[in-house]
Amino acid sequence: QLRFYEEIPDSIVFEDDDLVLTSTPEEDETEGRYAYKPVSINNSYSNGYLYYPVQTVHRSKQVIGKGADKKEAMAEAIETVVVRSDRQILHFKSSEKLNDSETGTKVYRLTDGTLVNSIPTANEHGTWSWNYINSFVNNEVEHLPSLDQLIGKVRDVLYGRIWLPSECDYYLLALTAVTSYVQSVFDAVPLLLLTGPAGSGKSELSTAMTQVSANAVMIGQVSAPTMMRLIDSSGGLCVIDDLESVGVSPNSKNGQQKFSEIAQVLKVSYKKSSATRMVTNVKTMRTEVLNFFGCKIISNTKGVDDILGSRMIHIHTRHMPSEVMPNFKVREQFSDDDTYMLRNLLHTWAFTHVNEVHKTYRAMYTSKSNRQDEIAAPLRVLAKMSGNQEIIVNLEQSLSLQTRRKRQKQNPED
């Protein structure tokens with residue numbers, strides 16, 4: 001399937017039935033004006049590659065001093081590099097500025113020619129460690145688990161942390177966590193709503209999801225602008241704990257207005273084409289483009305309005321019955337070291353198999369899919385790629401419960 005662009009470059013290369021758009025040679029050599037269409041490389045997918053910026057310490061022996069004082073010493077500097085999914089390490093460079101340009105600003109590109117919107121900075125929420133990145137770049141990864149094994153391990157971590165009334169939901173949650181590693185490949189991603197009474201495990205489940213997802217960040221009681229910037233900087237899964245209190249002060253007269261602003265952001269954040277917004281930086285008074293696209297988990301005791309709810313997959317939590325407590329206590333537990341390794345393996349799997357994910361997605365879905373199919377598409381794609389029938393069946397069972405859950409009221413009076 002072909003995707004149509006406003007401007008088709010002159011250089012089009014077909015590789016393995018994929019349409020790969022490359023830089024136009026004439027653009028690099030010919031004078032003139034060209035469209036400014038930079039990409040953000042914070043865990044992004046562009047031109048058939050995943051990109052991941054990471055901060056490193058670069059060390060090299062250098063000769064310092066002059067004459068008799070000349071000596072060899074170890075020099076080092078902090079350097080941000082960009083990992084590309086074909087095992088390339090890229091740097092950034094600024095193009096030469098035009099001599100007659102007084103108002104223009106510098107143009108930044110990666111060493112592969114990719115036009116970027118700013119100097120690459122490492123993700124402060126990044127969960128891919130350099131030792132695993134280095135092994136991936138040097139193609140030294142041994143015995144990388146299969147996708148169904150990785151999904152099963154994520155499911156086991158969640159299964160040992162929280163009791164859910166519907167066991168099929170563990171696989172839906174596990175697939176959501178895995179989606180966060182390749183979410184930039186998809187046009188739409190799941191938003192999950194956790195609803196249930198206080199003390200039923202919503203926060204515990206949210207914490208467990210952050211420990212197995214990519215670049216995950218948990219957002220508590222913060223202001224609306226802070227929440228928006230956290231979502232933009234994460235580039236991974238965002239957990240919004242206790243939505244009722246986010247951005248709303250008990251004594252604030254415009255608390256409802258702030259909540260509405262957040263809800264409006266969430267309503268469009270599931271779809272890549274609508275998930276950007278222009279905001280003003282109050283420090284510099286310059287406008288910035290923030291990107292809210294990505295998987296999110298929202299916990300709430302009161303539910304959400306129908307419009308936002310229609311864009312979400314609902315998961316119900318309940319108080320654990322006393323009769324299941326003995327079995328729950330003997331479930332396998334996983335240490336922080338286990339989840340640390342699991343996250344790194346998932347990052348490595350994502351960068352190794354991103355083209356396969358993209359091909360499967362384009363083969364299974366078109367732009368004419370309805371909203372429910374759109375948000376469930378990444379989960380179904382990964383389930384199919386796993387080849388595990390248990391994963392597929394449990395996912396479909398969980399998705400089939402959505403209509404009933406969205407209509408279910410939380411108290412007898414309703």
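The values are calculated or read from the model by the stated rules, or taken from the named source; none is laboratory data. Keep in mind the model is a prediction, meaning the values are calculated, not measured. No Cβ is skipped: glycine too gets one built from the backbone with ideal geometry, and neighbour counts run over all protein chains shown. Keep in mind that these areas ignore ligands, DNA and RNA; they rest on the heavy atoms of the full protein, side chains included. Shrake-Rupley method; radii C 1.70, N 1.55, O 1.52, S 1.80 Å.
What the table below lists for this structure:
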item	result
By accessible area with a 1.4 Å probe, ligands and nucleic acids excluded, highest first: order of E167, E72	E72, E167
Extension gain (nm, one decimal) between S223 and M364, 0.36 nm per residue minus Cα-Cα	46.8 nm
Spacing of the two label points (7 Å from each Cα toward its C-beta) at L144 and Q55, in nm	2.7
Diffusion constant of region 99-218 at 20 °C, which comes from Stokes-Einstein with the Kirkwood Cα-pair radius and 1.002 mPa s, µm²/s	121
Gain upon complete extension [D86, Q397; 0.36 nm per residue less C-alpha separation]	108.3 nm
Rg(Cα)/(2.2 N^0.38 Å) for region 36-79, N = residue count	2.01
Accessible surface, 1.4 Å probe, highest first, among residues F292, F334	F334, F292
29 Å Cα-Cα threshold exceeded, pairs from K272/K384; K93/K359; K202/K272; K202/K267; K71/K106; K271/K384	K93/K359; K71/K106
Share of Cα-Cα pairs in region 44-104 lying beyond 16 Å, as whole percent	67
Descending semi-axes in Å of region 95-149, equivalent ellipsoid built from Cα gyration tensor	38, 13, 10
Difference of contour (0.36 nm per residue) and Cα-Cα distance, A68 to N47	2.3 nm
Percent carbon-and-sulfur accessible area, region 121-160, ignoring ligands, DNA and RNA, probe 1.4 Å	39
Equivalent ellipsoid semi-axes, region 315-379, via Cα gyration tensor eigenvalues times 5, rooted, Å	34, 23, 8
Inverse mean reciprocal Cα-Cα distance (Kirkwood Rh) of region 141-181, Å	10.8
Spin-label proximity, S129 to region 332-362 - amide N less than 14 Å from point 7 Å beyond Cα toward beta carbon	335-348
